[in-house]
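Mind looking over this structure? Questions follow.
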Amino acid sequence: MSAPADRVATEFAEEFGGKPDGSWWAPGRVNLIGEHTDYNDGFVLPLALEYGVAAAARVAEEPVLRVRSVQQGETVELPLDAIAPGAVDGWSAYVAGVGWALREAGHDVPGLDVVVDGDVPAGAGLSSSAALECVVAVAWNDLAGTALSLDDLAGVARRAENDVVGAPTGGMDQMASLHGRAGNLVFLDMRSLEVEHVPFDPPSAGLALLVVDTHAPHAHVDGEYAERRRSCTRAAELLGVPALRDVPLDGLDEALGQLTGDDGELLQRRVRHIVTEDARVLEVVDMLRSGDDPRRIGPVLTASHASMRDDFEITVPEVDTAVAAALDAGAYGARMTGGGFGGCVLALVDTDAVDAVAGAIEAAYAAEGYRAPSAFVVTASDGARRL
Ligand code: GLA
């Protein structure tokens, strides 16, 4: 059992007395490629992490949610009827929002006593929030006997985040946390919600997927994210397509030519990122499916980074520095991962070059006077489950 799973069981007895009805786990995720494509009905290719959130839960006698966060050292109590958009804030909104979304979907869920604890670095763009939503969703689903599918649970978790927390995110993170599979990427078509597990085992090719938490401060993240979303919606409207996913790569120049006016140049760059990023996801999936040497995906990862930096404008200097240093030190490819404006960088490196690449990034940070980053190797892990 992981450390968070041990801690929630112990803390449950202290907080609520007696034993929980069960324990559950949901992982964070890192996205190999496909950034900001999810809310454009496009393609993404995340993997579930070995880091995540554990929950110990028991059905309550009253229709009340009592949730304790070990990390926050705080317990919050809310009658289920009092949970609504705008009525809850802070960390407990991610948990309460799940109960609200289940009820909104017509499920008569009982009150819950629950303790949560996690080991996903918070604020690093590794979806600690989706892990929290998803672990509560699977626990409540099991205890209420609602028997929802993984896709439905992802929808519930996403509604919690969009409507109760108030973050206008796409649906990739929740799908990745629920559908993760050890040794596989989760290839998602975010329009049809079709899921394909694509085998990805860097160690068998002498490779490692190195993740570097840049610790770059996330200033204005929410506002910038919402602004990118609005630009994409506006561009799709101007182009007369349901979503930017519908602009084909071979029709890109023609589409860009239709975006004129004051914000035309800006919208052109946003559209170019989304359309080429969807194509890059498909290219990587094709390479991996056909059993190519995974090193060959490196340049595609790096091209994704350039597109996020120059066209979508969601990187920051710390992130660009980490990517450049990783490539200089011999990484096959490197890119920012996640929503942007800080967070993490990933790099595909030879196993025996992990320390050299991590060291090169650290040295580049020291030279720039940035706060030291943290680097760790990740492996594709299983999705949410009862322990
Ligand atoms: C955040 C959001 C996701 C997705 C990514 C960018 O992680 O939660 O829905 O949009 O940013 O790819």
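The values are calculated or read from the model by the stated rules, or taken from the named source; none is laboratory data. Nothing here was measured: the structure is a model prediction, and the numbers come from that model. Quick reminder, even Gly has a Cβ in these numbers, built from the backbone with ideal geometry, and neighbours come from all protein chains shown. All accessible areas refer to the heavy atoms of the entire protein, side chains included, with ligands and DNA or RNA removed. Shrake-Rupley method; radii C 1.70, N 1.55, O 1.52, S 1.80 Å.
For the range 211-248, which residues satisfy the criterion of being in contact (Cβ under 8 Å) with a residue 60 or more places away in the chain, over 21 Å from ARG335 (Cα atoms) and either acidic (Asp, Glu) or in a helix (DSSP H, G or I) (or both)?
Listed by number, the residues that qualify are CYS232, ALA236, LEU244, ARG245, ASP246.
Suppose the filter is closer than 30 Å to TYR365 by Cβ and among the aromatic types (Phe, Trp, Tyr); does PHE200 pass it?
yes
Give the residues of the range 159-168 that are among the hydrophobic types (A, V, I, L, M, F, W, C) and open to solvent by 40 Å² or more (accessible area, probe 1.4 Å), sorted by residue number.
Within the range 159-168, VAL165 is the sole residue that qualifies.
Considering only residues that are part of a helix (DSSP H, G or I) and surrounded by fewer than 22 Cβ atoms within 10 Å (Cβ to Cβ), look in the range 149-158 and name the one that is nearest to the ligand (Cβ to nearest atom).
So the residue we want is GLY155.
Here is a further query. What number of residues within the range 191-227 satisfy the criterion of being open to solvent by less than 20 Å² (accessible area, probe 1.4 Å) and in contact with a Phe, Trp or Tyr (Cβ under 7 Å, 6 or more places away or on another chain)? Steps first, please.
Within the range 191-227, the first condition is being open to solvent by less than 20 Å² (accessible area, probe 1.4 Å), and the residues that meet it are 198, 200, 202, 207-214, 216.
Then drop every residue that is not in contact with a Phe, Trp or Tyr (Cβ under 7 Å, 6 or more places away or on another chain), which leaves 198, 211.
So the answer is 2.
Now for a different question. Assigned to a loop (DSSP other than H, G, I, E, B) and not hydroxyl-bearing (Ser, Thr, Tyr), is that true of ALA139? So that I can check it myself, show each step before the final result.
On the way: assigned to a loop (DSSP other than H, G, I, E, B): no; not hydroxyl-bearing (Ser, Thr, Tyr): yes.
Taking the combined requirement at face value, the residue does not satisfy it.
Here's another thing I want to ask about it. Looking for something under 30 Å from CYS232 (Cα atoms) and among the basic types (Lys, Arg) - is there at least one such residue anywhere in the range 66-76? Spell out the reasoning first.
Let us first name the residues in the range 66-76 that are under 30 Å from CYS232 (Cα atoms), namely none.
No - not one qualifying residue is present in the range 66-76.
Sticking with this one: Would you call THR315 farther than 22 Å from MET175 by Cβ, among the hydroxyl-bearing types (Ser, Thr, Tyr) and assigned to a helix (DSSP H, G or I)?
No, not satisfied.
Okay, residues lined up against (1) open to solvent by less than 10 Å² (accessible area, probe 1.4 Å); (2) modelled with pLDDT of 95 or more; (3) acidic (Asp, Glu):
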position: ASP41; (1), (2), (3): no, yes, yes
position: LEU47; (1), (2), (3): yes, yes, no
position: VAL76; (1), (2), (3): no, yes, no
position: PRO85; (1), (2), (3): no, yes, no
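Could you pull out every one of the strands (runs of 3 or more DSSP E) wholly within the range 1-77 that has 2 or more residues that are β-branched (Val, Ile, Thr), farther than 17 Å from LEU188 by Cα and more than 16 Å from the ligand (Cβ to nearest atom)? Walk me through how you get there before you give the answer.
Working: elements: 22-31, 46-59, 64-69.
The strands (runs of 3 or more DSSP E) meeting that bar are 64-69.
Please enumerate the residues belonging to the range 100-132 that are touching a strand residue (DSSP E or B) at 6+ places or on another chain (Cβ under 9 Å), away from the ligand (no atom under 16 Å from the Cβ) and more than 17 Å from ALA384 (Cα to Cα).
Result: PRO110, GLY111, LEU112, ASP113.
Exactly one of (1) surrounded by fewer than 16 Cβ atoms within 10 Å (Cβ to Cβ); (2) touching a residue at least 40 places away in the same chain (Cβ under 8 Å); (3) among the acidic types (Asp, Glu) is unmet by ASP113. Its number?
ASP113 satisfies every listed condition except (1).
Name the single residue that is least open to solvent (accessible area, probe 1.4 Å) among those in the range 301-323 being more than 16 Å from the ligand (Cβ to nearest atom) and β-branched (Val, Ile, Thr).
VAL323
Scan the range 339-355 for residues that are assigned to a helix (DSSP H, G or I) and either crowded, with 24+ Cβ neighbours inside 10 Å or out of contact with any helix residue (DSSP H, G or I) (no Cβ under 8 Å at 6 or more places or on another chain) (or both) and report the count.
If we filter the range 339-355 for residues that are assigned to a helix (DSSP H, G or I), which is where we start, we get 351-355.
Still in the list and also either crowded, with 24+ Cβ neighbours inside 10 Å or out of contact with any helix residue (DSSP H, G or I) (no Cβ under 8 Å at 6 or more places or on another chain) (or both): 352-355.
Qualifying residue count for the region: 4.
Can we say HIS197 is part of a loop (DSSP other than H, G, I, E, B), under 24 Å from GLY333 (Cβ atoms) and of a type outside the set (D, E, K, R)?
no
Could I ask something else about it? Among what's in the range 324-338 and is within 17 Å of ARG280 (Cα to Cα) and open to solvent by less than 40 Å² (accessible area, probe 1.4 Å), pick the residue that is nearest to the ligand (Cβ to nearest atom).
For the range 324-338, the residue satisfying everything is GLY338.
Sticking with this structure for a sec: Which residue out of SER192, SER177, SER149 is at pLDDT 95 or above and in contact with a Cys (Cβ under 9 Å, 6 or more places away or on another chain)?
Answer to the check: SER177.
Filter the range 121-141 for residues that are closer than 21 Å to PRO217 by Cβ, open to solvent by 10 Å² or more (accessible area, probe 1.4 Å) and among the hydrophobic types (A, V, I, L, M, F, W, C) and give the result.
ALA122
Give the residues of the range 178-190 that are open to solvent by less than 60 Å² (accessible area, probe 1.4 Å) and either free of Cβ contacts under 8 Å to residues at least 60 places away in the same chain or not hydrophobic (A, V, I, L, M, F, W, C) (or both), sorted by residue number. Show your work before the answer.
First, pick out the residues of the range 178-190 that are open to solvent by less than 60 Å² (accessible area, probe 1.4 Å): 178-180, 182-190.
Listed by number, the residues that qualify are HIS179, GLY180, GLY183, ASN184, ASP189.
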